[in-house]
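Let me begin by presenting the structure, written as structure tokens, before commenting on it.
The values are calculated or read from the model by the stated rules, or taken from the named source; none is laboratory data. All values derive from a computational prediction rather than experimental measurement. Glycine gets a Cβ as well: all are built from the backbone with ideal geometry, and neighbour counts include every protein chain shown.
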Amino acid sequence: MNQAVLSNKQAIVSEITDKIKNSQATVVCEYRGLSVAEVTELRRNLRAEDVEFKVYKNTMFERACDETGFEDLKDALVGPNAFAFSEDATAPARVLAKFAKKHNALVLKKGIVEGKVVDEATIKELSALPNREGMLSMLLSCLQSPVSSFARVVQAVADARSTEAPAEANAEQIAPVEQAPVEEVKEETVAEETKAEEAESAESAE
């Protein structure tokens, strides 16, 4: 083997190694039996979800598995395989599983998801999860639920206070009007008592 061929193979192994390390998900699938048109359609569907779809020789991928510590994936490297790489942990499984339902020739084998080797069953389970935007939407809904409940309570308290406020204001306005006659009565009573005392004093003096 000349140096040029060796260097080319090393470059391919290095490329695969980098893709595995930089991806949240790597899925191995066998595409034997798919037509060129079907493969093109699959690539287009994956690209729409920012998933890269590559075909490598199994021997090259095996070396990359050795270098990355994912030897458990090597038993799936039989037959004509293609590999899907993505920064989204669920995107490859979701797109591939959906496509496989309509095209039986596409066979899901194994994968690496967030640093762990997973089997076909796990890949199919992951395919049922929503994409990143969907998961964020679900998270936002969970966060909004208690907030909306709290907002309703706050609004109810505010409504109750606004209902009580006019009554309190009316009470403040009425109180001085009711108290005025009482003060006048007290003043008249004191004046009468003073006159009576002066009259008694005058009689005593006589």
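Side notes on the structure shown:
- Residue count for the range 74-91, restricted to those that are more than 11 Å from Ala25 (Cα to Cα) and surrounded by fewer than 19 Cβ atoms within 10 Å (Cβ to Cβ): 5
- Condition check for Leu108: surrounded by 18 or more Cβ atoms within 10 Å (Cβ to Cβ), modelled with pLDDT of 60 or more, more than 21 Å from Asp18 (Cβ to Cβ) and in contact with a Cys (Cβ under 8 Å, 6 or more places away or on another chain): yes
- Number of the condition not met by Ala64 [criteria: (1) under 21 Å from Gln10 (Cα atoms); (2) crowded, with 16+ Cβ neighbours inside 10 Å; (3) touching a strand residue (DSSP E or B) at 6+ places or on another chain (Cβ under 8 Å)]: (3)
- Residues located in the range 38-47, provided they are more than 14 Å from His103 (Cα to Cα) and touching a residue at least 40 places away in the same chain (Cβ under 8 Å): Leu46
- Residues of the range 12-21 satisfying the condition of being more than 14 Å from Leu73 (Cβ to Cβ) and either crowded, with 16+ Cβ neighbours inside 10 Å or at pLDDT below 95 (or both): Ile12, Val13
- Of the numbered criteria (1) more than 21 Å from Ala121 (Cβ to Cβ); (2) of a type in the set (A, V, I, L, M); (3) not in a helix (DSSP H, G or I), the one Leu6 fails is (3).
- Which numbered condition Arg94 fails, given (1) closer than 20 Å to Lys124 by Cβ; (2) in contact with an Asp or Glu (Cβ under 9 Å, 6 or more places away or on another chain); (3) surrounded by fewer than 17 Cβ atoms within 10 Å (Cβ to Cβ); (4) charged (D, E, K, R): (3)
- Which numbered condition Leu46 misses (of (1) among the hydrophobic types (A, V, I, L, M, F, W, C); (2) under 27 Å from the mean Cα position of the chain (by Cα); (3) part of a loop (DSSP other than H, G, I, E, B)): (3)
- Selection status of Glu71, surrounded by fewer than 18 Cβ atoms within 10 Å (Cβ to Cβ) and in contact (Cβ under 8 Å) with a residue 60 or more places away in the chain: no
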